[in-house]
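Engineer: After the structure tokens below, expect a handful of questions from me.
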Amino acid sequence: MFIDTATITAAAGRGGDGSVSFHREKYIAAGGPDGGDGGRGGSIILHVDDHMGSLMDFRYKRKYTAENGAHGQGKTRSGKDGKDLTIRVPRGTLARDAETGRILADLSGGEPFVLCKGGRGGWGNKRFATATRQAPRFAKSGAEGEHREVRLEVKLLADVGLCGFPNVGKSTLLSVISAARPHVADYHFTTLAPNLGVVRLDDERSFVCADIPGLIEGAAAGAGLGHDFLRHVDRCRLLLHLVDISGREGREPCADFDAVNQELAAYSPELAARPQIVAANKCDILEDESAVDRLRAHVAPCPLFAISGATTEGVRALMDKTAEILSALPPITVYEPEALPETPDDGVKTEIMKEDGIWTVRGAWLERLMRDVNFSDYESRAYFEKRLQANGVYEQLEGLGVQEGDTVSMYGLEFDYVP
């Protein structure tokens, strides 16, 4: 089964907590703090695997969690870092943020991509020792790792895309020009998944060709198979548009050509503007010779070649022209990651409101800080006061009109304000 889209949930590991410990050894008095740091949480990394052809592996497993970092220990022993989790994806996979649709990475090259970064480990109490704070009885908690819901999309890496109505001979042509062996049969929608083939004309000329399942009217809106597989034409530098010129199925070649182009334009105007070569296929069973001339006039200025995939008539000339046009076109499209919209830094954002005579202070940084503080220890409380002062909490309270003796609440901690 060919699966080219999948949505997964990825969560990096949490950093380990720092340790609160003091050196204890015979004959050594007041050994001082020796709490070690927590280990870094494991990250989640996307890596290209050329042996994967689809996202089938993500059909049943959709949640990926990296290992947490270990907590620090005494004797300045740092916790072990969590193991990174590597997720393998096919080459050409796009990773998007599931909520916003923003492109996070294009896995077209060989470079791995860190999808979710592991949380940093917390500092042990040895890190907080100073000349005036010689016995800190607090440490820092490990940070949470990044987590996000991600949509994976495979966009085939091909130079040339074979497009056209069902049963016009795309799979037959691919089997003739490359070593690919797609299923070929005389009925519509024989091809249910894209096929890739490498076309080698000589030692210096080669390109990758993709056989895209047949399009029909309404494909861009979801009809048939085209809606599922139009994305695979996105990267193609050149479109090879096959038209059944024989008329055996009672179809009008010019109308078919226009219908497919309308679907391409409806899906992406940029895609419809790509260079095209028209191949009038099945000319070996053509009864009305004038049909080729009518189609050539209709598709101008696109070059047209009358071919037969079954007998290979005209195929070599078509491939030579394809290679010639490709040599003048830019390389395959690689999508750049989309930057996050610029927003104010809320790393130390503090929200203060007054309800029922109580000043309530909130902030993500404050919640993390309070997890690390030992309020039964004088030096730990002094460190807490210093952080509040440095982040402007007292200044902000006074600017809002706090008075001496007013009650201030911070995540369950309440105290009377004293300027």
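Every number here is computed from the coordinates shown, using simple stated rules; none is lab data. Since this is a predicted model, take the numbers as computed values, not measurements. Don't worry about glycine lacking a Cβ; one is built from the backbone with ideal geometry, like all the others, and counts go over all protein chains shown.
Engineer: Count neighbours as other Cβ atoms within 10 Å of each site's Cβ, and list the GluC sites (Glu not before Pro) in segment 55-146 that are DSSP loop with at most 12 such neighbours. Intermediate results must be reported in sequence, preceding the final value.
Structural biologist: Working: sites: GLU67, GLU99, GLU144, GLU146; in loops: GLU67, GLU99, GLU144, GLU146.
Answer in residue order: GLU99.
Engineer: Still on this model: Against the globular-protein guess of 2.2 N^0.38 Å, express the Cα radius of gyration of segment 13-88 as a ratio, rounded to two decimals. Working shown, then result.
Structural biologist: Numbers: Rg = 19.5 Å, N = 76, 2.2 N^0.38 = 11.4 Å.
Rounded to two decimals, the normalised Rg is 1.71.
Engineer: Let me ask something else about it. If contacts are Cα pairs under 8 angstrom and at least 6 residues apart, what is the relative contact order of the chain in percent?
Structural biologist: Normalised by residue count, the contact order of the chain is 13 percent.
Engineer: Using only the Cα atoms of segment 1-154, construct the convex hull and provide its projected area averaged over every direction, in square nanometres to one decimal. Working shown, then result.
Structural biologist: Numbers: hull surface 46.5 nm².
One quarter of the hull surface, i.e. the mean projection, equals 11.6 nm².
Engineer: Can you work out D for the chain in µm² s⁻¹ from Stokes-Einstein, where Rh is the Kirkwood radius over C-alpha pairs, the temperature is 20 °C and the viscosity is 1.002 mPa s?
Structural biologist: Numbers: Rh = 26.4 Å.
The diffusion coefficient I find is 81 µm²/s.
Engineer: So what J values fall out for segment 155-169 if you push phi through Karplus, 6.51 cos²θ - 1.76 cosθ + 1.60 with θ = phi - 60°, rounded to Hz, Gly and Pro as x?
Structural biologist: 10, 4, 8, 9, 6, 10, x, 7, 10, x, 5, x, 6, 9, x
Engineer: Mean residue ellipticity at 222 nm from the helices of the chain, using -39,500 (n - 2.57) per DSSP H segment of n ≥ 4 over the full residue count, to the nearest 500 deg cm²/dmol? The partial results should precede the final answer.
Structural biologist: Values: 9 runs with 83 residues, N = 419.
Calculated at 222 nm, the ellipticity per residue is -5500 deg cm²/dmol.
Engineer: Going 7 Å from the Cα of ALA98 along its beta-carbon direction, which residues of segment 51-87 have the amide nitrogen within less than 19 Å of the resulting point?
Structural biologist: 55-67, 85-87
Engineer: Summarise the long-distance tail of P(r) for segment 70-135 by giving the % of C-alpha pairs beyond 13 Å.
Structural biologist: Working: 1596 of 2145 pairs.
Cα-Cα pairs in segment 70-135 separated by more than 13 Å: 74 percent.
Engineer: Could you please tell me the mean projected area of the C-alpha convex hull for segment 282-410, averaged over all directions and given in square nanometres to one decimal? Display every interim value, and only then the final one.
Structural biologist: Details: hull surface 79.8 nm².
For segment 282-410, the mean projected area of the Cα convex hull comes to 19.9 nm².
Engineer: Same structure, new question: Report the Cα-based extents of segment 246-285 along its three principal axes, largest first, to the nearest Å.
Structural biologist: Principal-axis extents of the Cα atoms in segment 246-285, largest first: 35, 18, 11 Å.
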